[in-house]
Amino acid sequence: MKSLHSILAFSGFLAIATVLTAAQKPPAIESSAASARAGKLIRVSEKDAAWAAKERKAYPLTVCVASDEDLGSMGDSPEYIYRVAGQHDRLVVFCCEGCEEDFLKEPAKYLAKIDAAKAAKAKAGKSISDGHQGKH
């Protein structure tokens, strides 16, 4: 009888330990939310042409965001929309097919590169316009 009580007590202990361990694990919703925030690259199509043309005018890089090769040096430079749910679409331009794989491994790194180039271009433009003030 003592062994039966010991087995039941041990079983109860395991059940409580399992419940406590499960409570410490993050819920599955968090992992699906993280994957929902992950972006995807979508090739610019004819329906996106007007948007892409506008974005291309403001695109700050003349080199591939992933490889630093000159855009157009390997033929047409593929243009993609980087889309993340709940955020604005972003234009990303590569030197060739294949660079999108590198981009998708670390999109934040490459988007930061585009943002830094855009900020530098804006700062350079501001400096030029500031230099002309009062000289006319």
Checklist entry - Across segment 39-74, which residue is farthest from E101 (Cα to Cα) among those that are in contact (Cβ under 8 Å) with a residue 60 or more places away in the chain and over 17 Å from the mean Cα position of the chain (by Cα)? => result A58
Checklist entry - Out of all the residues in segment 79-87, is one or more at pLDDT 95 or above, touching a Pro at 6+ places or on another chain (Cβ under 7 Å) and not in a helix (DSSP H, G or I)? => result yes
Checklist entry - Would you pick out the residues in segment 47-72 that are acidic (D, E) and surrounded by fewer than 16 Cβ atoms within 10 Å (Cβ to Cβ)? => result D68, E69, D70
Next on the checklist: If I filter segment 40-63 for residues that are modelled with pLDDT of 95 or more and touching a Cys at 6+ places or on another chain (Cβ under 6 Å), do I get at least one hit?
Outcome noted: no
Item to check | Residue satisfying condition, being exposed (fewer than 14 other Cβ atoms within 10 Å of the Cβ), part of a helix (DSSP H, G or I) and modelled with pLDDT under 90, within set A124, A116 | outcome: A124
Checklist outcome for this item: Note on C96: of the conditions (1) within 17 Å of the chain's Cα centre (by Cα); (2) surrounded by 14 or more Cβ atoms within 10 Å (Cβ to Cβ); (3) more than 23 Å from A122 (Cα to Cα), unmet is (1)
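The values are calculated or read from the model by the stated rules, or taken from the named source; none is laboratory data. Bear in mind that the values here come from a model prediction, so they are computed numbers and not experimental data. Every residue, glycine among them, receives a Cβ derived from its backbone with ideal geometry; neighbour counts consider all protein chains shown.
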